[in-house]
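Below: one structure, written as structure tokens.
The values are calculated or read from the model by the stated rules, or taken from the named source; none is laboratory data. Since the model is a prediction, treat every value here as computed from it, not as a measurement. Here the Cβ positions follow ideal geometry from the backbone for every residue, glycine too, while neighbour counts run over all protein chains shown. For the accessible areas, the whole protein counts, side chains as well, though only heavy atoms, and no ligand, DNA or RNA atoms are used. Shrake-Rupley method; radii C 1.70, N 1.55, O 1.52, S 1.80 Å.
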Amino acid sequence: MDEIFKKQVWEITKLVPKGRVTSYGAIAKAVGYPNHSRHVGKAMGGCPKDVPAHRVISSSGTLSVPEFQERLEAEGINVENFRIKNFKNLFWNPLEEL
């Protein structure tokens with residue numbers, strides 16, 4: 001995974017509004033690499049502090065990193081059993097909203 005890809009992923013992720021979530025797959029599509037959601041996940045692993053990685057979750061609405069629940073709840077997002085409640089309503093699609 002190259003640095004350009006990582007930076008693109010981080011830049012899109014910085015645009016996810018507070019109180020909303022997106023998926024690894026949506027970010028992958030937005031940077032022009034559909035089907036590369038795992039690479040997005042890897043890029044999020046070492047992201048800078050100003051990248052809201054907690055807002056990027058699996059396409060099923062499940063948290064990939066349980067520790068992010070507290071940060072999401074602090075933004076007003078309800079999480080139950082590591083799943084986002086009202087996932088479809090809170091989902092931010094960069095291809096439609098940018």
| query | Among all the lysines, which ones have a C-alpha under 23 Å from residue 42's C-alpha, if same-chain residues fewer than 8 places away are not counted? | reply | 6, 7, 14, 18, 29
| request: Can you grab the distance from the C-alpha centre of segment 57-98 to the C-alpha centre of segment 7-24, Å, no decimals? | output: 11
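For segment 28-67, rounded, prolate or oblate, judged on the Cα gyration tensor with a ≥ b ≥ c (square roots of eigenvalues), a/c < 1.5 rounded, else prolate if a/b > b/c?
Cα axes put segment 28-67 in the oblate bin.
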| note | For the chain, the percent of accessible surface on carbon and sulfur atoms (probe 1.4 angstrom, ligands and nucleic acids excluded) is 48
| said: If you count only protein heavy atoms with a 1.4 Å probe, what accessible area per residue comes out for segment 6-75, rounded to a whole Å²? | reply: 53
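Would the chain count as rounded, prolate or oblate if I go by the C-alpha gyration tensor, calling it rounded below 1.5 in a/c and otherwise prolate when a/b exceeds b/c, oblate otherwise?
Because a/c hits 1.5 or more and a/b exceeds b/c, the chain counts as prolate.
Which FRET efficiency, nearest 0.05, do residue 50 and residue 93 yield, Cβ-Cβ r, R0 25 Å?
Step by step, r from the Cβ atoms, then E = 0.70.
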| Where 92, 10 fall by accessible area, highest first, once all protein chains stay in place (1.4 Å) | 10, 92
| Expressed as an acute angle from 0 to 90° and rounded to the nearest 10, what is the orientation of the C-alpha long axis of helix 3-14 relative to the principal long axis of the chain? | 30
